1. Tell me, how many Å apart are the Cα centres for the stretch 188-238 and for the stretch 248-321?
2. Using 0.36 nm per residue of separation minus the Cα-Cα distance, give me the extension gain between residue 202 and residue 39 in nm, one decimal.
3. Which one, 82, 193, 128, projects farthest toward the positive side of the charge dipole computed for the chain from Cβ point charges (K/R +1, D/E -1)?
4. From the gyration tensor of the Cα coordinates in the stretch 289-345, what semi-axes in whole Å does the equivalent ellipsoid have, largest first, with each one equal to sqrt(5λ)?
5. Given a 10 angstrom Cα cut-off, can you work out which residue in 40, 351, 138 is the most mobile in a GNM of the chain?
6. Which whole-number percent is the relative contact order of the chain (Cα, under 8 Å, 6+ apart)?
7. Using θ = phi - 60° and the Karplus curve 6.51 cos²θ - 1.76 cosθ + 1.60, what whole-Hz ³J(HN,Hα) does each residue of the stretch 48-55 get, with Gly and Pro shown as x?
8. Give me the Kirkwood hydrodynamic radius of the stretch 36-369 in Å, from all C-alpha pairs, to one decimal place?
Amino acid sequence: MKHYHAAKQPIQRVLSCLLWCWLMNIGIAQSATLDNVTINGYLSFEYERHLDGDKTNISNESVGDANGSFDMDLFDLVINIQATDNLRVATDLTWEHGAATEDDRGNVAMEYAFAEYTLSQHTKVRAGKMFTQFGIYNEIHTAKPASLSVKEPLTTNKNNKLGSDVRFYPRWLNGLAVSGHYQLPASSWDYVLQLSNGESQEVNPYEEDDNIHKAFNGRFRYRPGDAWQLGLSFYRDTMEDSAAQIKIGSYGLQVEWESQGNTELGIEFEYVSGNEDHSNGANINRNAYTLMMYQPITDTVTPYVRYEYLEPNTDVTSDEASVLVLGGNILIDENMFLKIELDHFKGEDNNADVGGATYSELKISLSVGF
C-alpha cells in the first residue's frame, strides 16, 4: 500500500498542476472577454391617476386611471459586446410591469438584438431585430432617462392608442440596415436605411413574413450647427389581414433647436403624415404633430410644455384627439430623474379611443440610468 501511494503522489501533483493552470487560463480568458463587454440599462417606476373630467368615452369605456396606480414600468439591461475591432453585438432585454411569467403578468421581451459590422469610417451594416429608425423618439423609447417627459408623444408614436387602428410605423423590425455618419467642418449628417419583414397581424414578423413584400424605411438627419437638428423619415410596407391587403406609407419631419446663449431654451417639433391603402377600397389618410418647448430654470429643474394632435382619418369628421402636457423634469442625482406632469386629453365624438371624453391625468415617474 505504501508503494502504491508513493507511485500515485507524483501523478496527483501533475494533475493538480494541470487543473490549476486550466483554471487560471479560464480566468484570464474570461477577464479578456469581459473587457470587451459593457452593461448599461434603465429603470422606470411610474404613477398615474385620473384627476378630473370624464371617466368614460362616448362608448362608455374607461379612460384614464381612476384608481391611482403604481407601475413598475420597465427594467432594461443593455449589453454591448465588442467582439472584434469591427464587429459589435448588441441586445436590449426588458422586463415590463413587474414581469412574472408563472402568473401571466407583465412582459419579458428582447427589444433588439443585432450584429453590427463597420465596413469603413462612414458605413456600418446591421442584421437582426432593431428599433425602427423614424422620428425623434422611437429608437430611444425604452431609455426613459433620455427624454424629458414621462412618456413619448402618443400622437406620433402610439397613435393606435388615440384613435388609429394601425401605427404610422412599427416599434421594431427584423432585417438588414446600413447607416453612416459624416462630420463636416461646421456641420454633420447621418442616415440609416432598413429593409425588413415589416409588421404582421397573423405571424411573428421576427421569424417570417406574411407576404412577398418587404418593408423599407429610413431616416436622414442634418445638423447645420450646434443649435439645430433637422430630420426626414419614411416608412413603407404591405400588410395582410383577414379582410384585405394594406399598404402603409408614412412620412415624417423633425426639427430640434436649443439656444446656445445665456438663456437656455429648447424646441422640438415633429410632423407625421401617412396613408393606409386597403385593397377593399377603405383607404385612410392621416396626420399628426407634436410641439414641445422647455427651458431649464436651474441646473437641475427643467419645466416643459407639449401639445400633441392626431387626425386619424381625414375623411371622418370629429375624430381628432389632442393632448396638452405640462410638466417638470428634476435631476435628483446623476442619471436619476423625477418627472411630474399633468396631461389633459380631449377626444372628439368620433374618435375610436377617447371619443367625447375630456379629462386630466397626473403622471409621475422616477427614471434611472446606469
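Quick note: the coordinates plus some simple rules give every number you see, no bench work behind them. As the structure is a computational prediction, the values presented were derived from the model and not from experiment. All Cβ positions, glycine included, derive from the backbone under ideal geometry; neighbour counts span all protein chains shown.
1. 18
2. Numbers: separation 163, 0.36 × 163 = 58.68 nm, distance 3.46 nm.
Value of the extension gain: 55.2 nm.
3. It is 82.
4. 32, 10, 8
5. In the Gaussian network model the winner is 40.
6. Reported as a whole number, the value is 15 percent.
7. Values, residue by residue: 9, 8, 5, 9, 7, x, 5, 9 Hz.
8. Numbers: mean 1/r = 0.0469 Å⁻¹.
About 21.3 Å for the stretch 36-369.
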